[in-house]
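To keep things clear, I will list the structure first and then write my remarks on it.
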Amino acid sequence: MSTPPRLLSACAPARPLGVALSGGADSVAMLVTAARLWPGEVHALHVNHGLQAAASTFERHCTETCASLGIPLHVARPDATGEAGDSPEDAARRARYAALAQLARNAGLRCVLLAQHADDQVETLLLALSRGAGLPGLAAMPARFERHGAVFLRPWLDLSGAEIRAWLRDEGVAHVEDPTNADTRFTRNRIRHEVLPALERAFPQWRVTFARSARHAAQAQALLDEMASADLATMEGAPVIDTLRGWPRARQANVLRHWLRSVHGATPSAAQLEELLDQVHACTTRGHRLHLRVANGFVQRAGARLAWTPSV
Ligand SMILES: Nc1ncnc2c1ncn2[C@@H]1O[C@H](COP(=O)(O)OP(=O)(O)OP(=O)(O)O)[C@@H](O)[C@H]1O
């Protein structure tokens with residue numbers, strides 16, 4: 001059997017499962033291979049954001065593909081109302097994961113497969129580097145994660161887009177081409193069409209080696225998260241200013257980032273975190289007032305500790 005089905009069987013997902021189906025080449029290939037491997041145990045999940053003129057074409061294609069394969073299709077049409085500061089793409093992505101998790105729950109599915117592949121992973125990594133991201137960004141996309149109570153898997157992170165498309169062509173399977181994928185005004189598309197071919201020529205092994213770097217970063221980040229949790233637990237869940245000040249700056253930054261992000265869902269910018277660390281340092285002076293905007297709220301001094309308040 002050719003490459004995509006073999007790689008999918010190696011991930012041994014819990015079943016029945018859902019395949020997140022956009023109607024594009026990658027997720028159609030994933031649906032077809034999953035349905036062949038696990039007949040009767042695969043459902044398709046489609047989210048119609050209604051944002052693009054092509055949205056109804058995509059949904060119609062999903063309906064036709066699933067009817068021809070005899071696979072149940074579940075469709076959601078969420079409102080993409082994001083959070084403050086979200087780009088329309090971020091808002092749509094957020095709404096998509098929530099909708100996919102809801103569809104999976106309603107259909108009693110044990111996990112959801114996403115069809116992102118090695119090219120997508122490298123694009124994500126390069127975009128993170130271009131922003132000067134830290135370890136969480138360099139970890140790129142995890143192969144497994146849980147969100148909104150559902151388990152999401154990306155079994156194709158080692159497979160190239162070209163391999164998937166070649167397989168689809170050989171099998172004669174139809175898919176819809178997203179018209180925005182060719183638009184090189186989007187940075188991600190410029191990476192795909194201009195940078196990846198050059199990378200391929202310079203480093204023929206990039207798919208394996210870049211993915212390995214992303215995994216190293218993910219492992220290191222997991223350790224830092226564990227350390228931050230342990231540090232926060234010693235302070236009973238809220239940062240104690242004097243304790244923080246006894247630690248090296250990198251350890252302070254680690255625990256504060258974790259406290260804001262994991263406990264309060266607020267992701268500080270690099271500049272905000274630096275400012276917060278400077279303010280913590282200035283707290284040597286008794287009575288130094290600390291009041292700083294961070295993400296969608298404020299960090300303040302509350303006696304010996306820091307406290308976070310969301311803005312209303
Ligand atoms: N509207 C959608 N409904 C359901 N799943 C989606 C939708 N859009 C994307 N996905 C899932 O998320 C993955 C990544 O999305 P992304 O936007 O990068 O892919 P795409 O280029 O739109 O589609 P494809 O991967 O199918 O070619 C897809 O492979 C697919 O599994």
Q | Residue satisfying all of: in the range 130-147; of a type outside the set (A, V, I, L, M, F, W, C) and within 14 Å of the ligand (Cβ to nearest atom); nearest to the chain's Cα centre (by Cα) among these | A | Pro142
Q: Check off (1) of a type in the set (A, V, I, L, M, F, W, C); (2) farther than 30 Å from Ala253 by Cβ; (3) part of a helix (DSSP H, G or I) for Leu126 and give me the number that stays unchecked.
A: (2)
**Q.** Residues of the range 122-141 classified as over 21 Å from Ala222 (Cβ atoms), among the small types (Gly, Ala, Ser) and buried (at least 17 other Cβ atoms within 10 Å of the Cβ), total
**A.** 0
Q | Filter result (over 18 Å from Leu153 (Cα atoms) and either within 12 Å of the ligand (Cβ to nearest atom) or without any contact (Cβ under 8 Å) to a residue 24 or more places away in the chain (or both)) within the range 117-129 | A | Glu123, Ala128, Leu129
Q | Which listed residue is under 19 Å from Leu7 (Cα atoms) and among the aliphatic types (A, V, I, L, M), from Ala166, Ala128, Ala150 | A | Ala166
Q: Only residues that are more than 17 Å from Cys111 (Cα to Cα) and in contact with a Pro (Cβ under 6 Å, 6 or more places away or on another chain): list them for the range 1-35, please.
A: Ala29
Q.
Among the listed residues His264, His281, identify the single one that is surrounded by fewer than 16 Cβ atoms within 10 Å (Cβ to Cβ) and at pLDDT below 95.
A. His281
Q. Which ranges mark the helices (runs of 4 or more DSSP H) fully within the range 1-116 that have 3 or more residues being away from the ligand (no atom under 14 Å from the Cβ), modelled with pLDDT under 95 and open to solvent by 50 Å² or more (accessible area, probe 1.4 Å)?
A. 3-10
Q. Restricted to the range 196-219, and to residues that are open to solvent by 60 Å² or more (accessible area, probe 1.4 Å) and under 18 Å from Gln116 (Cβ atoms), which residue is nearest to the chain's Cα centre (by Cα)?
A. Arg215
Q: Could you grab me the full set of residues in the range 179-195 that are within 13 Å of the ligand (Cβ to nearest atom) and either part of a helix (DSSP H, G or I) or open to solvent by 40 Å² or more (accessible area, probe 1.4 Å) (or both)?
A: Pro179, Thr180, Asn181, Ala182, Phe186, Arg188, Asn189, Ile191, Arg192
**Q.** Pairs, first in contact (Cβ under 8 Å) with a residue 60 or more places away in the chain in the range 12-24, second aromatic (Phe, Trp, Tyr) and within 12 Å of the ligand (Cβ to nearest atom), C-beta under 6 Å, six or more apart
**A.** Gly23/Phe58
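Go through Ala233, Ala304, Ala282, Ala270 for me and flag whichever is small (Gly, Ala, Ser), farther than 22 Å from Gly137 by Cα and touching a residue at least 60 places away in the same chain (Cβ under 8 Å). Write out each step before concluding.
Numbers: Ala233 fails: touching a residue at least 60 places away in the same chain (Cβ under 8 Å); Ala282 fails: touching a residue at least 60 places away in the same chain (Cβ under 8 Å); Ala270 fails: farther than 22 Å from Gly137 by Cα.
Answer to the selection: Ala304.
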Q | Residues (assigned to a helix (DSSP H, G or I) and more than 24 Å from Ala54 (Cβ to Cβ)) located in the range 149-166 | A | Glu163, Ala166
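Going through the range 220-243 one residue at a time, which ones are within 21 Å of Gln300 (Cβ to Cβ) and open to solvent by 60 Å² or more (accessible area, probe 1.4 Å)?
Listed by number, the residues that qualify are Glu236, Asp242.
The values are calculated or read from the model by the stated rules, or taken from the named source; none is laboratory data. Just so it is clear, the structure is predicted and the values come from calculations on it, not from any experiment. Backbone-built Cβ (ideal geometry, glycine too); neighbour counts: all protein chains shown. Accessible surface is based on the protein model in full, side chains and every heavy atom, while ligands, DNA and RNA are left aside. Shrake-Rupley method; radii C 1.70, N 1.55, O 1.52, S 1.80 Å.
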